[in-house]
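The values are calculated or read from the model by the stated rules, or taken from the named source; none is laboratory data. Being a predicted model, the structure only gives us computed values, none of them experimental. Note that each Cβ is placed from the backbone with ideal geometry, even for glycine, and that neighbours are counted across all protein chains shown.
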Amino acid sequence: MTGIVIAGAARSFGTVRAVDGVNLTVGDGEFFTLLGPSGCGKTTLLRMIAGFCELDAGEIRFGAKRIDQLPAHTRDIGMVFQNYAVFPNLTVAGNVAYGLKARRVAAADVARRVDEALALVQLAGYGERWPHQLSGGQLQRVAIARALVIRPQVLLFDEPLSNLDARLRVSMRGEIRELQKSLGITAIYVTHDQEEAMSVSDRIALMQSGRLEQVGAPAEIYRNPTSRFSAEFMGTTNLIEAQALGREGAGMVSLRPEALRLDADAPAGWPRLGGSVAHVEVLGPITRFDVRLGDGSLLKVATLDEPHRALAPGAPVTLAYDPARITVLP
Amino acid sequence: MRLAIPHQQRLPLAIAALGFLFLGLFLLYPLFNVFSASVLDGEGEKFTFANYVKILGRPFYRGAVVNTLAIGVAATFTTILISVPFAFALARLPVPGKAAIIALAAMPLVLPSFVSAYAIVLLLGRAGIVTQWLQSWGIGFGSIYGAGGIILVYTLTLYPYVLLPTMAAFKAVDVSVEEAAQSLGSSPRRTLWTVTLPIVIPAILAGGLLVFIETLENFGVPFVLAEDMPIFAVEAFKLFVGETAPNPSSAGVLGVLLIAMTSLVLLIQRRFLSSRRFATGARSAPPILRVGLGLRLLATTYCWAVVLLALVPFFAIVVLSFMEFRGPVLHPNFSLANFTALFERSTRPLLNTLMFATLAALGVTLVGVPIAYVVTRMRSAMASLLDVIATLPFAVAGTVLAIGFVVSFNSGWLILTGGPFIMVLVYTVRKVPFAVRSSSAILHQIDPSLEEASISLGRSPLQTFGRILVPLMLGGILSGFVLTWVTIASELSATVVLYSGQWRTLTVVMFQALEGGGGGIATAAASTLIIVTLLPIAMLYRLVRRYELST
Amino acid sequence: MTAAARALAILGLILTVLLPGVAAAQKKVVVYTSNESTLNDLVFGAFTKETGIAVEPVVAGSGVVIRRLQAEKDRPLGDIVWGVSRSLLQTNKALFAPYVSKNKDAIPVEYRDPTDLWIGNNLHLLVILQNTKILPADQGPKGWNDLLDPKWKGKIAFTDPANSGSAYATVTMLVDLWGGGDAGWKKVGVLFKNLKVLNRSSLVFQGVGNGEYPLGISLEYAGPMWASGGAPVKAIYPNDGTIASMEGVAIIKNGPDPEEAKAFVDFVNRKDVREMILKATFRRPTRTDLDLSSLPGGLPPLQQVKMLDYKEDAWTDKRKETLERIKDLIQESR
C-alpha cells in the first residue's frame, strides 16, 4: 500500500497549460477525487500518474519510489476507464486474467484469483460470457475486477460511471467505495460530478485551469469554500454582494439555498429579506424556488417539501437566512 | 532537459523509423533515380531539362498526355454514372440476390485487364463473334478499337471501385437526416438530390479517384485496344523496354510526368474532401425504401444487367480456355488441351504467382498495419509526413516504379534484378497505401483506451499491439490481405518489366502466350488464375461471415 | 476469431510448402533468350531430354537481354544469348567468346562471324500477311508499292518500330527501296497514312489471323503458323523485294558453364533440330541443306524470293534519330 506524492507537476499542450504546477499528497489507502469541469486538467493529471502523459516538469512518487519516468506498463496500477475498455476479443474471464498473465502468475492461481475477483464485483459465473453479451453496468464491473485482481499499488478511476444511467450510477459508486475500503488500495478518482465526488471521497481536490483550487474533505469544501469557484462548483449557491444582505464589507458572500427558509419556518434570530416568488420547482423531497429581491437580484431557495403550502409566482414572500452559514469569499 | 524520447512514444517512433527506412529505400530512392535520369544529359552527367523540352515538344507525346487524360476522365465519369444508381439500388431498394450481386461484382478485379481486353476483341472486334452475329442480323456498330473501346473495358472492369464504397456510404447515411428533410417539406426525390447524394459524394469521389489513377497507369488495355492512339503508360513501357531503342531518360520523363499527373489529382481530391467531411452517426442501416413494382423491376434489371455485362469477358475467357486452339487459331470444339499444354510446360508460373502474391500480401500487411498505427495514434508532423509518403505509391504507375527498381538495384551494394524479391518488393510498395487506408479505418474505430487498459495492466506497448490491436483488427487485416493477394496475382504492368527467367508469373505467361499467338495457353492460364484467386475470396467470405456471427 | 487465426497459420504453411526449392542440378546452362515461349519450350525441352543438361532460361526482349549482358559484363551470370538479331550480335561482339560450331560449314558465310563469335540460326523474311477471308487471295497487293494505294487506308496492321526490330528494319528498308533520303522518307510517309501502328508485332499477326485487319506487315513464320492452325492467312513475298533479318546465338564470355554452352550452340543448328523447329514454328533455317518444299509451311527457297541489299549496320548506327523521325511521321499521318 502506497501514498502518492505529486510535486510541481506541469504539462502544456501548445499554449494551453493543462496541468500547471500541481502539488498534492494522497495518503495510503485514501480515496482521493480530482473534481472539476471539463478541461480543468483532472484527466491529464490522472494520465500522468498512469503514465499515458509525459510531465514537462515536476515528479510523481508512489511511496518513496519515483515513477514518472517509468514506462506505463511497469507502474503497477489498476485503471478503470470511462468507456469500460473491456477487450471485446476476450471473454470476461480472459479480460480479468489479462493482467495476471502479463505478470506471469501460475495458471492455477490465475483461475482462482479471477473467480475471486468476479465474485467480488458480483459477477460470479460470468467468466465464459463475451463482453457483447453484457450490459453497461456489468461491463464496468468487469473493468473493475480486471483492475483489482492484479492487486495494484494504486487504483485509478477515469470518470468510470458517466456512461451509466442515473440509478446505476448511485449504486455503483457505493460499491466502488466499499471495495476500495475493504481492499485498502490507494485510489484516485476523476469525475466532474460533485455529488458523486462527495459521496465516495475521503478527500477531494477541486481543479480549475490546471491548478488546484481547493483540497479537503467533501464537507469541508462544501461548507467552507475558499473561492467563488469552489462555492459555485460544489453544489448550488447564491453569490451575493455582502451589502445586499445588509452586512459590512464590500466583498461577495456565498449563501447556500438550504440556509434560506421561509419566514414562518425560521428561527426568530435569523435576518429577514423581502421579495416576490419568481419561479417554483417541486422536485419531490425538496422544493426549489427563486425569489426576486427588491434590488432585482435573484435568490435560490431550497426547502423540504411541504404539501400544504402553495407558492405562486408573483406572490410576495419574506425569507430568513442562517447568518452562521454565510461564507465570505476573498 | 527531460528524456529525449518519452517512453509512450518509443514504439510509434521505432515503427515510423522503420517505415521511413523501408519507403525511403524502396520507394523514394527508385523514384529519385527515375527523376534524376530524366534531368540528366545523354552522358548522365550534366543537369538539364532538355529531355522534358524534347518530349513535351513532340506532338506525339503531347497527344499521349491528352489522350490518356481524356480517356481517364471519360472512364471515371462513365464508371460513376453506372455505379451510383447501382449502389443506391443495392443499399436502399428491394433488389433480389444482393449478396450474389456483390460477390459477382468483385470478380472482374480478378482478371488482368489486358485479358479482358483480349476477350473484348474476340467478342466485339471487327471479326468478333458478337460482331459477326450482329452483322448477320444487319446490325453494325463502331469500332471497338480506340478511345471508345478502352473506356468500355475500363468501365466494365473498374466499376467496383466506385460501387462498393458508394454502397457503404448510402448504407451509412443517417436516416434521420432524410426524415428531417422530408419533415421540412422536401419530396423524397428532392431529398435524394439535395440531402442524401451530397452526403455520399466523398465516397463517390474517393472511388472515382481510384478509377482515374488506374486508368492513368493501366498498360494492358491500351496496349491491346489503342491501335495507333498514343497512350502514356504504353509509351513509357516502350521507351524503357523497347526492343529497338531503350531510352531511360525519356522513359524517366514520362514516368515523372505520370507521377505529376496522379499526384495532382490526389491533391485536388484531398483538398476537396477536407473541406466537406460529413460525418453522420448512423446507428443502423437506413431502411429499404418501399417502391412500386415498376421501379423495383427496373432496379433489379439494371443491377443484374450491369453485373452480368461486366462478367461477359470473364465468362468468355473461361469458355475459350476449354475450346480447341490449333496454334493460335480458335476452333469451336471442346478441348482440355490448353490446360495440358499449360501445365506440361511448367507449373512454376502458377507456383510463382501464388508465392509472390502470398509473400507480397504478407509484406503489405507487415508494413501497412504498423504504419497505419503510427498515422492514427500519433499526432505529429512526422506522422503526417509518413502518411503522405505511404500514400505516394498511389500516384506511381507500376511501370514507373518497376523502372525505378531496375535502375536502382541492378548494381551496387544491393542487387535485386533477376531474382524473385524485386517483384515481391515492388508489389509490396505498390499496395502499401491500400493497407494503410484500410487499417487506419479500422484503427479509428478502436478506442485508444483499450490499449491504455492493456498497458496499465502490465503489457508493454509492443505486447499490447500484438495481443489487443492485432486480434481486434484481424477481420479487417484478413480481408485486406485477400484483396491485396488477388490484385497482386493479376498484376501485369510492373511484373512485365521485372520478371526474369524462372520467375515468370501466370500473367506473364498470358502476356507472352498472346505475344506468340498461343491464345489457348493464355486463356488456360487466365482460367487457372481465376480459379486460384476465387478460392481465397470464397474463403474470405466464409471467414468474415463466421467472424460476424461470433461477435 | 480463432478460425481467422488458424487460417493465417494455414496460409503460412502453404507458403512454406510453395517456396520452390532451389535445387541445383549438376549440369545446366543459362540461356538469355528473346525468342517467344513456344520456340523456347520446344528447344529447351528437347535439349535437356537429349543431353541431361538443364536449361535456365531468362526470357526478355532483345533490347533488355543485351542491356543485361552489358550490365553483367564483369560478372556474367549467363552462358548463351539466343534469338538476337545480327546487328545486336555484331555490335556486342566484345561480350562473346569464340567457338567453332560443329555446324559451321553448313551455314553460309554471310550468316556467321568470321572470328566465330556468333553464328546465325534462322532468317526472318519481311512479308505482307493477307487474310483471304476478308480479302480474296487474288485481290491482295503484290508488293510494297501496292500498299501505297489509298484504298488500303486503315486496313494494314503494322508494329511500332520503337518496340520491334523487324518493324524498324521494314521502314528503313523501304526508305532505301524508295529512293533513299528524303524521297524515300516521303514515300514511307504516304505508306504510314494507310497503316494502323499497333504496339506489338504479335498484335499484327493476331489481327490478320483473326480477321481484324485484311493486311499486315509481319515476319514470314506468322503466315504458315496461322494457316496451319486453320486460319485463312497467306504470306505475300513482295515482288519488289524484301530482306532477311537473321537471328543467331553466341556464347557469353566468362560464363559459368562454358562446356554446356558449346553443346547448346551445336544443338540448335543441327540439321534434325532445325527441321524440328521448322515443323513446329516455321522458322526458316540459315543452313541451306534442308529441303523446304518437302517440309510443312511451304516456305519458298531463298533463291525464288527477290532479295534486296540492306545496309543493316548503317541503319543501326542511326537508330535514335531514325526512331524519332518515325515517331513524328506516325503523329503527322494520324
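Taking the listed residues C:Ile243, C:Ile251, C:Ile236, the one that is touching a residue at least 40 places away in the same chain (Cβ under 8 Å), crowded, with 18+ Cβ neighbours inside 10 Å, of a type in the set (A, V, I, L, M, F, W, C) and under 30 Å from C:Ala71 (Cα atoms) is C:Ile251, with no other qualifying. Out of all the residues in segment C:62-95, which are more than 18 Å from C:Glu312 (Cα to Cα) and either more than 20 Å from the chain's Cα centre (by Cα) or assigned to a loop (DSSP other than H, G, I, E, B) (or both)? Correct list: C:Gln70, C:Ala71, C:Glu72, C:Lys73, C:Asp74, C:Arg75, C:Pro76, C:Leu77, C:Gly78, C:Asp79, C:Ala94, C:Leu95.
All of (1) surrounded by fewer than 20 Cβ atoms within 10 Å (Cβ to Cβ); (2) not in a loop (DSSP other than H, G, I, E, B) hold for C:Pro296 with one exception: (2). With respect to being surrounded by fewer than 24 Cβ atoms within 10 Å (Cβ to Cβ), at pLDDT below 90, among the hydrophobic types (A, V, I, L, M, F, W, C) and touching a Lys or Arg at 6+ places or on another chain (Cβ under 9 Å), B:Leu443 fits the description.
When segment B:458-515 is limited to residues that are within 14 Å of chain A (Cβ to nearest Cβ) and part of a loop (DSSP other than H, G, I, E, B), the one that is farthest from A:Leu155 (Cα to Cα) turns out to be B:Ser460.
Pairs are defined by a Cβ separation below 9 Å, a sequence spacing of at least 6 or placement on different chains, a first member in segment C:208-223 that is more than 8 Å from chain B (Cβ to nearest Cβ), and a second member that is among the aromatic types (Phe, Trp, Tyr) and assigned to a strand (DSSP E or B); the pairs so defined are C:Gly216/C:Phe158; C:Ile217/C:Phe158; C:Ser218/C:Phe158.
If I ask for residues that are in a helix (DSSP H, G or I) and in contact (Cβ under 8 Å) with a residue 24 or more places away in the chain, which ones from segment A:221-236 would you list?
The first filter runs over segment A:221-236 and keeps only residues in a helix (DSSP H, G or I), leaving A:221-223, A:228-233.
A:Tyr222, A:Arg223, A:Arg228, A:Ser230, A:Ala231, A:Phe233, listed by residue number.
From the list B:Ala127, B:Ala147, B:Ala117, exactly one residue is more than 20 Å from B:Val307 (Cα to Cα) and either in contact (Cβ under 8 Å) with a residue 40 or more places away in the chain or surrounded by 22 or more Cβ atoms within 10 Å (Cβ to Cβ) (or both). Which is it? Answer to the check: B:Ala147.
Can you report the number of residues in segment C:300-321 which are touching a Phe, Trp or Tyr at 6+ places or on another chain (Cβ under 7 Å) and either within 22 Å of C:Ser87 (Cβ to Cβ) or modelled with pLDDT under 90 (or both)? Reasoning before the result, please.
Taking segment C:300-321 and keeping what is touching a Phe, Trp or Tyr at 6+ places or on another chain (Cβ under 7 Å), we get C:300, C:305.
If we keep only those that are either within 22 Å of C:Ser87 (Cβ to Cβ) or modelled with pLDDT under 90 (or both) too, we end up with C:305.
Summing the residues that are touching a Phe, Trp or Tyr at 6+ places or on another chain (Cβ under 7 Å) and either within 22 Å of C:Ser87 (Cβ to Cβ) or modelled with pLDDT under 90 (or both) in segment C:300-321 gives 1.
Can you work out which of the residues in segment A:200-232 that are crowded, with 18+ Cβ neighbours inside 10 Å and among the polar types (S, T, N, Q) is farthest from A:Leu45 (Cα to Cα)? Going through the qualifying residues, I end up with A:Ser230.
Report yes if C:Lys279 is in contact with a Leu (Cβ under 7 Å, 6 or more places away or on another chain) and free of Cβ contacts under 8 Å to residues at least 60 places away in the same chain, otherwise no. Lay out the reasoning, then the answer.
Values: in contact with a Leu (Cβ under 7 Å, 6 or more places away or on another chain): yes; free of Cβ contacts under 8 Å to residues at least 60 places away in the same chain: yes.
Against the criterion (in contact with a Leu (Cβ under 7 Å, 6 or more places away or on another chain) and free of Cβ contacts under 8 Å to residues at least 60 places away in the same chain), C:Lys279 qualifies.
Evaluation of A:Pro218 against the conditions (1) touching a strand residue (DSSP E or B) at 6+ places or on another chain (Cβ under 7 Å); (2) farther than 23 Å from A:Gly8 by Cα; (3) touching a residue at least 40 places away in the same chain (Cβ under 8 Å) shows that the sole unmet condition is (3).
Screening C:Leu13 on (1) more than 10 Å from every other protein chain (Cβ to nearest Cβ); (2) under 21 Å from B:Trp503 (Cβ atoms); (3) in a helix (DSSP H, G or I); (4) modelled with pLDDT under 90 shows it passes everything except condition (2).
Would you please name the residue that is surrounded by the fewest Cβ atoms within 10 Å (Cβ to Cβ), looking only at residues in segment B:415-440 that are part of a loop (DSSP other than H, G, I, E, B) and in contact (Cβ under 8 Å) with a residue 60 or more places away in the chain? Can you show your working first?
Of the residues in segment B:415-440, the ones part of a loop (DSSP other than H, G, I, E, B) are B:415-420.
Right, trim to in contact (Cβ under 8 Å) with a residue 60 or more places away in the chain and you get B:417-420.
Details: B:Thr417: 17, B:Gly418: 19, B:Gly419: 14, B:Pro420: 20.
The extreme case among them is B:Gly419.
From the residues in segment B:1-27 that are out of contact with any helix residue (DSSP H, G or I) (no Cβ under 7 Å at 6 or more places or on another chain) and at pLDDT 85 or above, which one is surrounded by the fewest Cβ atoms within 10 Å (Cβ to Cβ)? Looking at residues that are out of contact with any helix residue (DSSP H, G or I) (no Cβ under 7 Å at 6 or more places or on another chain) and at pLDDT 85 or above, I get B:Leu21.
Can you name the helices (runs of 4 or more DSSP H) wholly within segment B:1-113 that have at least 2 residues being more than 24 Å from the chain's Cα centre (by Cα)?
Qualifying helices (runs of 4 or more DSSP H): B:10-23, B:29-38, B:50-57, B:59-92.
Going by the conditions given, is A:Asp56 away from chain B (no Cβ under 12 Å) and out of contact with any helix residue (DSSP H, G or I) (no Cβ under 8 Å at 6 or more places or on another chain)? Taking the combined requirement at face value, the residue does not satisfy it. On the stretch given as segment A:83-117, residues that are closer than 23 Å to B:Ile446 by Cβ and crowded, with 16+ Cβ neighbours inside 10 Å total 18. For beta carbons closer than 8 Å, sequence separation of 6+ or different chains, a first residue in segment A:144-167 that is without any contact (Cβ under 8 Å) to a residue 60 or more places away in the chain and a second that is part of a strand (DSSP E or B), the qualifying pairs are A:Leu161/A:Thr191. Of all residues in segment C:189-200, those being part of a helix (DSSP H, G or I) and either facing another protein chain (nearest Cβ under 8 Å) or of a type in the set (A, V, I, L, M) (or both) number 2. For segment C:96-116, the candidate set comprises residues that are under 20 Å from the mean Cα position of the chain (by Cα) and assigned to a loop (DSSP other than H, G, I, E, B); within that set, the residue that is surrounded by the most Cβ atoms within 10 Å (Cβ to Cβ) is C:Ile107.
If only one of B:Ile317, B:Ile288 is within 26 Å of B:Trp503 (Cβ to Cβ) and away from chain C (no Cβ under 14 Å), which one is it? None of the others qualify; the one that does is B:Ile317. Answer yes or no: is there a residue in segment C:316-329 that is in contact with a helix residue (DSSP H, G or I) (Cβ under 9 Å, 6 or more places away or on another chain), among the polar types (S, T, N, Q) and either within 11 Å of chain B (Cβ to nearest Cβ) or more than 23 Å from C:Asn269 (Cα to Cα) (or both). There is at least one residue in segment C:316-329 that is in contact with a helix residue (DSSP H, G or I) (Cβ under 9 Å, 6 or more places away or on another chain), among the polar types (S, T, N, Q) and either within 11 Å of chain B (Cβ to nearest Cβ) or more than 23 Å from C:Asn269 (Cα to Cα) (or both).
Looking at this structure, is A:Glu196 part of a helix (DSSP H, G or I), over 30 Å from A:Leu90 (Cα atoms) and touching a residue at least 12 places away in the same chain (Cβ under 8 Å)? Against the criterion (part of a helix (DSSP H, G or I), over 30 Å from A:Leu90 (Cα atoms) and touching a residue at least 12 places away in the same chain (Cβ under 8 Å)), A:Glu196 qualifies.
None of C:Lys327, C:Lys279, C:Lys262, C:Lys320 is outside the structural domain of C:Leu215 (by TED's automatic domain parsing), farther than 15 Å from C:Ile119 by Cβ and part of a helix (DSSP H, G or I) except C:Lys279.
Residue check: is A:Arg66 assigned by TED's automatic domain parsing to the domain that holds A:Phe32, exposed (fewer than 15 other Cβ atoms within 10 Å of the Cβ) and under 22 Å from B:Ile455 (Cα atoms)? Lay out the reasoning, then the answer.
On the way: assigned by TED's automatic domain parsing to the domain that holds A:Phe32: yes; exposed (fewer than 15 other Cβ atoms within 10 Å of the Cβ): yes; under 22 Å from B:Ile455 (Cα atoms): yes.
Considered against the rule, which asks whether it is assigned by TED's automatic domain parsing to the domain that holds A:Phe32, exposed (fewer than 15 other Cβ atoms within 10 Å of the Cβ) and under 22 Å from B:Ile455 (Cα atoms), A:Arg66 comes out as yes.
For the residues A:Leu239, A:Leu273, the requirement of being assigned to a strand (DSSP E or B) and touching a residue at least 60 places away in the same chain (Cβ under 8 Å) singles out A:Leu239.
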